[in-house]
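Here's the structure, in structure tokens; my notes come after.
The values are calculated or read from the model by the stated rules, or taken from the named source; none is laboratory data. This one's a predicted model, so the numbers in the text were calculated from it and none came from an experiment. Because the Cβ atoms are built from the backbone with ideal geometry, glycine has one as well, and the counts that use them run over all protein chains shown.
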Amino acid sequence: MALPLTYNIRNVFIRWRATLATILGIALVVAVYVLVQSMANGLEKTSANTGDPRNLMIVRKGSTAESSSQVKYDQFKLIEYLPGIAHDAQGRPLVSADVIVLITLPRRNGEGEANVMVRGVSPLGKELRPQVALVAGRWFTPGKREVVVSQRLARRFAHFEIGGKFKTGGKELTVVGITQAGNSAFDSEVWMDSDEARSIFDRENYSSVLVRVENPGAGRALSDRVESDKRLPLRAISETEYYGSQTMTAKPIKILGEFLAIAMSIGATFAAMNTMYASVGARTREIGTLRVLGYRQGAILVSFLIEGAFLALLGGALGCLLALPLHGYSVGTMNLETFSETVFQFRITPLLAVQGLLFSIVVGLAGSLLPAIRAARLPVIAALKSV
């Protein structure tokens, strides 16, 4: 015969002073776990939002990122006229030769400096990236040392307002526009003309070439041709696949979150165990009475495990609520692939909240196991005689 669930719920709330500290301890553990994992989710979502499935990214073989790739000018001119590349209404091939440069700029709040990625794009580069939209000002004019910056970077770095000027590479650049890129990796970039970037930063080669293909079949044929052409020590992959692989920064954050959760859960488990032992000690006669009424040892054991799990579940729910206000909050970290500032948002998904609740239940069960065994093994006569 099993004890009713109302018995366990009532005991948790009757002894609320003894259980409050345990609930808060578990809540803090779950909040930290959810927040750190939401950071990793935000980074992964930023990469997943980036790119167009119709585009191919062409980079040097062996390079792991655009910043470590080089495409020579003559290679770019060869790629530009390969068959299978789509054309715009004016008959121009939809190709952009990009230059990636890292510059160091001061933060707006005065707390030091950070690396910022500058992307030089060809005239058709904007058309190849439809998720990037101008929200204020105007697009840069080639040859005038002008840039556009993302809205998120504008909030984080000095002189990134429209009309702002900053020096880099011995030259002064002027901000003429603000962009918004739909929570993609482009929200962490400054854009300017690619040939202007090559001139200012003394770059002989491009970093990558982005092309729009006519159809998926043409994309596969173009990729095979680039891979097999001896004149092109390059590789072509889907733009979405390329950015999907740029999640190296999220991995150590996930590992950190799991390590912190495990370390903190040990303390939370002992807190739950202490609370449940105190509960067993305070209810010795009650347990003896339950045994006299016919409840078996297994029922007592399960009852205390359920009580501990419910106690932890309350803490887990509170922890998720504590973390929830940071959902959508923008932060920045260093990208371990490019070593530049990457701006992303905390993303607390329903799945992550469920994981946090399950994690809290595991902590509660672990902390309740030994006290539950002790309660189940209490001798009936000794329990009834206790005061």
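Within the range 85-97, count every residue that is part of a strand (DSSP E or B) and without any contact (Cβ under 8 Å) to a residue 24 or more places away in the chain.
So in the range 85-97, the residues part of a strand (DSSP E or B) come out as 85, 87, 93, 95-97.
Retained after the next criterion (residues that are without any contact (Cβ under 8 Å) to a residue 24 or more places away in the chain): 87.
Matching residues across the range 85-97 total 1.
Check whether at least one residue in the range 118-128 is over 16 Å from N55 (Cα atoms), surrounded by fewer than 16 Cβ atoms within 10 Å (Cβ to Cβ) and within 23 Å of the chain's Cα centre (by Cα), and report yes or no. For the range 118-128, residues over 16 Å from N55 (Cα atoms), surrounded by fewer than 16 Cβ atoms within 10 Å (Cβ to Cβ) and within 23 Å of the chain's Cα centre (by Cα): absent. Just checking, which of A114, A89, A65 is in contact with a Lys or Arg (Cβ under 8 Å, 6 or more places away or on another chain) and either modelled with pLDDT under 90 or surrounded by fewer than 16 Cβ atoms within 10 Å (Cβ to Cβ) (or both)? Checking each option against the conditions leaves just A114. Looking only at the range 210-243, residues that are aliphatic (A, V, I, L, M) and part of a helix (DSSP H, G or I) come to 4 in all.
Which of the residues spanning the range 153-165 are under 30 Å from the mean Cα position of the chain (by Cα) and at negative phi? Break it down into steps so the answer makes sense when it comes.
Restricting attention to the range 153-165, the residues satisfying the condition of being under 30 Å from the mean Cα position of the chain (by Cα) are 153-162.
Listed by number, the residues that qualify are L153, A154, R155, R156, F157, A158, F160, E161, I162.
Residue-by-condition table, conditions (1) modelled with pLDDT of 85 or more; (2) under 31 Å from the mean Cα position of the chain (by Cα); (3) surrounded by 22 or more Cβ atoms within 10 Å (Cβ to Cβ); (4) not aromatic (F, W, Y):
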position	(1), (2), (3), (4)
L351	yes, yes, no, yes
V354	yes, yes, no, yes
V363	yes, yes, yes, yes
R374	no, no, no, yes
A382	no, no, no, yes
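The residue that is farthest from R60 (Cα to Cα), among those in the range 223-237 that are among the small types (G, A, S) and surrounded by 16 or more Cβ atoms within 10 Å (Cβ to Cβ), is S223. The set of residues from the range 226-251 being touching a helix residue (DSSP H, G or I) at 6+ places or on another chain (Cβ under 9 Å) and modelled with pLDDT under 85 comprises Y243, G244, S245, Q246, T247, T249, A250, K251.
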